[in-house]
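S.K.: Have a look at the structure that comes next, please.
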Amino acid sequence: MSDPKDYKATLRLPQTSFPMKANLREREPEILATWQQGRIYDRMLTAAAAGGGAPFVFHDGPPYANGHIHHGHILNKVLKDIVVKMRNMQGRPTAYRPGWDCHGLPIEHAVEKEIGRDAARADPSGLRKKCRVFARKWVDSQRAEFERLGVFGTWDDPYLTMTHDYEALTLREFGRFVGRGAVYQGRKPVLWCHVCETALADAEVEYKDAASPSIYVKFPFTASVGERVPELAGCKGAVVIWTTTPWTLPSNLAISFDPDAIYVAVEMDGEALVVAAALQEAFFAAIGRPELGEAPAIASFPGRTLDRAACRHPFIDRDSLLIVGEHVTMDTGTGCVHTAPGFGEDDFIVGARYGLEAYAPVNAQGRFTSEVPEFAGRVVFDCDDDVVAMLKDRGMLLGHSRFSHAYPHCWRSKNPVIFRATPQWFIGVDTPFTPDTTPEAPARTLRQGAQAAIEDVQFIPAWGRDRIAGMLKSRPDWCVSRQRHWGVPIAAVTCSDCGTVTTTQELIDHVATIFEAEGADAWFDRELADLLPPGFACPSCGGANLDKSRDILDVWFDSGVSYAAVMEAAHGLGTRTDLYLEGSDQHRGWFQSSLLASVGTRGQAPYRAVLTHGFVVDGTGRKLSKSEGNYIDPNKIIDANGADLLRLWTAAEDYRDDIRLSQEILNRLVEAYRKIRNTFRFMLGVVPDFDPDVDALALDAMLPQDRWALVRFGEVVGRVRKAYDAYEFHAVVRTILDFLVTDLSAFTLDITKDRLYCGRPDGVERRSAQTAVWRILDGCLRLMAPVLSFTVEEAWSHFRRPSGAPDSVFLARLPEASDYPVDATLAATMTAFLGVRDVVLKALEEARAAKVIGHPLAASVTIRVQAGTEAEQAARFFESALPELFVVSRVRLEAVAALGVDAPATAEVAAIEGARCARCWNYAESVGTDPRHDDLCARCADVLETLPE
RNA sequence: GGGCCUGUAGCUCAGACGGCUAGAGCACACGCCUGAUAAGCGUGGGGUCGGCAGUUCGAUUCUGCCCAGGCCCA
């Protein structure tokens, strides 16, 4: 007789070339290369289309082509990729054409820094060419980073908002708004540096502490005040405002009140002063009359009472309208807010509601124009003291001090900036119109149209609709012009004879045609005469002395028309896409600009569904920032653990809320990843000699416990598919992981080891287990492919597939629940049985603790169940398999009339007597009964006889 | 300050017309195994369901306020 160890060679122990160590850092790039060489993305689309399923139209929101990608990009792109792969694997061909937003200030800013401001100003065309190169560089960089994540798409043919055709289309879409009369030229306050003589973007200002004058000013009542508030009829008095910019007082057109707040009129020195009740005390203290802080009011009324009444301007011969606005706050001042629509954003918005003009008698150098004769020609900041003096002379000044606060300064000149109303182009949201595409529809405004359109959109999560609706409700007209160079120029001309500024759809279409051939650079490079339609003249005076407009379009307009540029124009995929998927900041950004662009021209939303995800935050829920030290470099994660870990992270977290990222979370995910990988590996290891075409057993030939595994997996498949359809990827991961851990690793795979290792290689017992494992592995791989793309593809390449199965998992379909048996009776029996099993496992643990046994195969178990219960029925059903199901050597089952405990069963564990089979390690009475193998059980002896030497 | 949203064990997630001792996986502790081995199996501990009020016979689940955090505005 030989050494017992030799029997190991007679077992079918797990064997696979799929390595335990993932080493994704090296392996993922190899897999990427095979995808590229095999054109797997293209073939995936073809395979999906083969089933005749309806295409799913998905449209990528373009990231900004500047800088390396960060976690937010990763989250977003991987979510999109999961959608694309999942849909294709459902048989719905889903193309993914990534895009980039290429125009705009940040790039222009960066290039300007590089070449210097003077050079940029002197040669806009040269600046644009450098911007184009800069954007292209980052497109290439980000593309490589996105591809490394395993994201499928037409990376060799992305859409860029700076290509000729895109620029032309952007302008044409703008022309459609012009054509229907929705575009007007108006004025709007923008941040302005009077030293640089230029408009600034928010990103170009720095806030620094500065001391400003702080003054309280009286605006005397007109008779209208007494008409609204009877107590004040015929009474001498004034509304009191507070400001830190005295120079804006000549431009005051109104005073804003909080409509709901209570205001009081308090007598001081024979005069009624109106301030907010909440600020009465602070106000009188500030002007040195604290004794009036709690003085009784002559009158008390909500702000709305004074709506559209008027006061007199303190030193100019005109009225100041009393209005209400929600921007009024009660933290400082008097609650009565000085409103100069030409010099403040809030002022402008609230003023527009009352039809007040953006009055701004200040030129580009920051000097008053002749409209303000007292100060004409002087820089506004230098006039503060004189304004104060003038107020004092007229008895309109109530208090004067210095006030230190954060004030915006120009990033370049370091001078304080002002808001200044400048000419801009607007798309009116309250102008009624009829969309081009549905001329028969009744006219309505862009606002109304957009509000109606989102009713027909599915929002995931549902509150997205409320959020957009809230913004639509209060949004002002869309200011679409910018005083910049890097963008799509607004094709407009100024008549040097009469000063009229003109743009028409005809002009725009003509220019757009030139852009198609030469790009928007043509506007800068060519003479105006070359750009105009033949015979074009000033529509106002007929003059031909025209100048080019130097404004460009808001980049949100560029990306807002991407649905038209990409889906309609390029792919012919119709005017409405199935899904937009972006971060929740895009409710104000791209979701809204796209909505307005589409509703304004086509009368409908550009999307059928909008999915939003939250932002990436750290382990405690705070935003990530490099200065806070809570930033984890994504490249380090990829280097250490592979892109699949980031894909798993993306999928495993519930993106509807903010998504947390921390080292602990990554560590947990690494554990989960290992579990998944090891389980795949084990399953691959037990089926290397299983040919699904010839070795698979029919369901009724399988052992019931194996059949149950398929029933159970069918439930998992159903749940996972439902989760995919609802875009609940964290439920996908959770469902699969729980199944893998609980049902497979700890049960099915554990209990079938004996049959898989020791059973006759082609015997029914072994083939039954292999059939279950093979089918579950096959299904699991396909289910997980959209998430763990690299790992699954790797596993798939080590997996023995049926003949004719595709070589890439992405050419396969997701499994369907109907691929697996449904057997409610078997499922219920197993559920009852698992209750009994828990009792046995606990008893085994106690026996282990008491040193009665070590390995469970050394145990003999006696279980008692109550007669007539589900537990008895289940135990009887599995009676012959009980040792296997408990992984013990012997089980005695007894049914008793009364169990006496509140449990489905009781169990007693004893150390087993007898001999242990040297091959399968079971203690069996049959050991030694076969004379040819005196150290083996009967089963193993039989098996050994059938094995070739 | 406003709009929208979030807050259940160390981590990721379930849950509930308001009603039994609030669940799972991981992590942790202890133990077993050494024929999934930089693996595998078992058992166990752990939560005043962000806080405070209110409605109710009863609230983690409904309402209000507060605190913490996020996005977008201001």
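S.K.: Cross-link partners among lysines for A:K473, C-alpha distance below 25 Å, same-chain residues fewer than 8 apart left out?
M.R.: The reachable lysines, counting only those whose Cα sits under 25 Å from A:K473, are A:K188.
S.K.: Evaluate Rg over Rh across the range A:239-352, taking Cα atoms for both radii and Kirkwood's formula for Rh.
M.R.: Ratio value, two decimals: 0.95.
S.K.: Related question: Ignoring ligands, DNA and RNA, how do A:R656, A:R622, A:R180 rank by accessible area with a 1.4 Å probe, largest first?
M.R.: On the way: A:R656 90, A:R622 165, A:R180 40 Å².
Per-residue accessible area, sorted high to low, gives A:R622, A:R656, A:R180.
S.K.: Per residue, what accessible area does chain A have, given a 1.4 Å probe and all protein chains present, in Å²?
M.R.: 41
S.K.: One-quarter of the Cα convex hull surface for the range A:360-461, in nm²?
M.R.: 13.8
S.K.: Can you put A:E884, A:E112 in order of accessible area, largest first, using a 1.4 Å probe?
M.R.: In descending accessible area the options line up as A:E884, A:E112.
S.K.: Then there's this: Using modelled amide H (1.01 Å from N, peptide plane; none on Pro or chain starts), what sits under 5 Å from the amide H of A:L200, excluding residues fewer than 5 places away?
M.R.: Under 5 Å from the amide H of A:L200: A:L191, A:W192, A:C193.
S.K.: Right, next: For the range A:200-296, just list the percent of Cα-Cα distances falling in each 5 Å bin from zero outward, please.
M.R.: Whole-percent P(r) values from 0 Å outward: 2, 10, 19, 21, 19, 13, 6, 4, 4, 2, 0.
S.K.: Same structure, new question: Among all cysteines in chain A, which have no other cysteine Cβ under 4.7 Å from their own Cβ?
M.R.: A:C102, A:C131, A:C235, A:C311, A:C336, A:C383, A:C479, A:C780, A:C940
S.K.: What is the set of long-range amide H partners of A:T422 at a cut-off below 5 Å, with H atoms built 1.01 Å from backbone N?
M.R.: Residues meeting the criterion, in which the H sits 1.01 Å from N, are A:K188, A:V190.
S.K.: Moving to a separate point now. Averaged over all directions, how much area does the convex hull of the C-alpha atoms of the range A:34-100 cover when projected, in nm²? The partial results should precede the final answer.
M.R.: Working: hull surface 20.0 nm².
So the mean shadow area of the Cα hull is 5.0 nm².
S.K.: Over the Cα atoms of the range A:805-948, what Rg and Dmax result, in angstrom?
M.R.: 19.6, 58
S.K.: Multiplying the sequence separation of A:S300 and A:E846 by 0.36 nm and subtracting their Cα-Cα distance, what value in nm do you get?
M.R.: Separation in residues times 0.36 nm, less the Cα-Cα distance, equals 188.6 nm.
S.K.: Still on this structure, I have one more. What would the Debye formula give as log10 I(q)/I(0) at q = 0.12, 0.13 Å⁻¹ for the alpha-carbon point model of the range A:592-750, no solvent?
M.R.: The computed values of log10 I(q)/I(0) come out as -0.75, -0.83.
S.K.: What lysines sit close enough to A:K129 to cross-link, taking a C-alpha to C-alpha distance under 20 Å and skipping anything fewer than 8 places away on the same chain?
M.R.: A:K113, A:K137, A:K548
S.K.: Restricting everything to alpha-carbon atoms, can you work out Rg to Rh for the range A:424-543 with a Kirkwood hydrodynamic radius?
M.R.: Radius of gyration relative to Kirkwood radius: 1.07.
S.K.: What distance in nm lies between label points placed 7 Å from Cα along the C-beta direction at A:D689 and A:E114?
M.R.: 6.4
S.K.: Provide A:E291, A:E197 ordered by accessible surface of protein heavy atoms (probe 1.4 Å), highest first.
M.R.: Output order, biggest surface exposure first: A:E291, A:E197.
S.K.: Roughly how many percent of the accessible protein surface of the range A:171-231 is carbon and sulfur, given a 1.4 Å probe and a whole-percent answer?
M.R.: Details: 1170 of 2460 Å².
Solvent-exposed carbon and sulfur of the range A:171-231 make up 47 percent of the total.
S.K.: Next question, about the same structure. Counting alpha carbon pairs within less than 8 Å and at least 6 residues apart, what relative contact order, in whole percent, applies to the range A:318-428? Don't jump to the answer; show the numbers that get you there.
M.R.: On the way: 92 pairs, mean separation 21.7, N = 111.
Value for the range A:318-428: 20 percent.
S.K.: Read phi for every residue in the range A:616-623 and hand back ³J(HN,Hα) as whole Hz from Karplus 6.51 cos²θ - 1.76 cosθ + 1.60, θ = phi - 60°, with x for Gly and Pro.
M.R.: Per residue, the Karplus-derived 3J(HN,Hα) values read 7, 10, 7, x, 9, x, 9, 5 Hz.
S.K.: Now for a different question. Please list, in order, the residues from the range A:318-337 whose amide nitrogen is less than 16 Å from a point placed 7 Å along the Cα→Cβ vector of A:E371.
M.R.: The answer is A:318-321.
S.K.: Also: I want to verify the translational diffusion coefficient of the range A:792-876 in µm²/s; compute it with Stokes-Einstein, Rh as the Kirkwood radius over Cα pairs, at 37 °C and 0.692 mPa s.
M.R.: Roughly 192 µm²/s, to the nearest whole number.
S.K.: If you average the C-alpha positions of the range A:373-396 and of the range A:75-123 separately, how far apart do those two centres end up, in angstrom?
M.R.: When both Cα centres are located, 50 Å separates them.
S.K.: Counting just the Cα atoms, what span does the range A:626-666 cover along each of its three principal axes? Round to the nearest Å and put the largest first.
M.R.: The Cα atoms of the range A:626-666 stretch 26, 24, 15 Å along their principal axes.
S.K.: Three principal axis extents, largest first, for the C-alpha atoms of the range A:586-684, in Å?
M.R.: Largest to smallest, the principal-axis extents are 56, 42, 21 Å.
S.K.: For the range A:656-778, taking Cα atoms only, what is the radius of gyration to one decimal and the Dmax to the nearest whole Å?
M.R.: Computed over the Cα atoms of the range A:656-778, radius of gyration and Dmax are 16.4, 53 Å.
S.K.: What pairs in A:K21/A:K675; A:K85/A:K636; A:K8/A:K753; A:K8/A:K851 have C-alpha atoms more than 22 Å from each other? Numbers along the way, then the final one.
M.R.: Details: A:K21/A:K675 12 Å; A:K85/A:K636 26 Å; A:K8/A:K753 14 Å; A:K8/A:K851 28 Å.
Result: A:K85/A:K636; A:K8/A:K851 exceed 22 Å.
S.K.: At A:D430 and A:A911, where each label point lies 7 Å from the Cα along Cα→Cβ, what is the point-to-point distance in nanometres?
M.R.: Between A:D430 and A:A911, the simple spin-label model gives 9.2 nm.
S.K.: Give me the log10 of I(q) over I(0) for the range A:521-578 at q = 0.22, 0.25 Å⁻¹, as the Debye formula computes it from C-alpha points; what are the numbers?
M.R.: Result of the Debye calculation: -0.88, -0.97.
S.K.: In addition: When every alpha-carbon pair in the range A:687-738 is counted, what percent end up more than 17 Å apart?
M.R.: Of the Cα pairs, 52 percent sit more than 17 Å apart.
S.K.: Computing the accessible area with a 1.4 Å probe over protein heavy atoms, can you report the carbon and sulfur percentage for the range A:631-752? Intermediate results must be reported in sequence, preceding the final value.
M.R.: Values: 2110 of 4550 Å².
Using a 1.4 Å probe with all protein chains present, the range A:631-752 comes out at 46 percent carbon and sulfur.
S.K.: Cα centroids of the range A:686-747 and the range A:172-186: how far apart, whole angstrom?
M.R.: 58
S.K.: Here's something else I'd like to know. Compute and list, largest first, the equivalent-ellipsoid semi-axes of chain A from the alpha carbon gyration tensor, each √(5λ) rounded to a whole angstrom. Intermediate results must be reported in sequence, preceding the final value.
M.R.: Working: eigenvalues 1094, 252, 111 Å².
Semi-axes from the Cα gyration tensor: 74, 36, 24 Å.
S.K.: Among the complete DSSP H segments of chain A, which ones combine at least 27 Å of alpha-carbon extent along their axis with a mean Kyte-Doolittle hydropathy of 0.0 or more?
M.R.: Both cut-offs are met by A:764-784, A:824-849.
S.K.: Sort largest first and round to whole Å: the equivalent ellipsoid semi-axes of the range A:1-77, each the square root of five times a Cα gyration tensor eigenvalue.
M.R.: They are 45, 22, 12 Å, listed from largest to smallest.
S.K.: Starting from the Cα of A:E945, step 7 Å along the direction of its Cβ; do the same at A:K21; then give the gap between the two resulting points in nm.
M.R.: The modelled label-to-label distance comes out at 4.6 nm.
S.K.: Tell me the carbon and sulfur percent of the accessible area for the range A:833-939, rounded to whole percent, probe radius 1.4 Å.
M.R.: Solvent-exposed carbon and sulfur of the range A:833-939 make up 53 percent of the total.
S.K.: Still on this structure, I have one more. How many angstrom lie between the C-alpha centres of the range A:297-368 and the range A:266-281?
M.R.: Going from one Cα centre to the other spans 19 Å.
The values are calculated or read from the model by the stated rules, or taken from the named source; none is laboratory data. Being a predicted model, the structure only gives us computed values, none of them experimental. In this analysis, Cβ positions are derived from the backbone assuming ideal geometry, glycine residues included, and neighbour counts consider all displayed protein chains. To get the accessible areas, we keep the full protein, side chains included, count just its heavy atoms, and leave off ligands, DNA and RNA. Shrake-Rupley method; radii C 1.70, N 1.55, O 1.52, S 1.80 Å.
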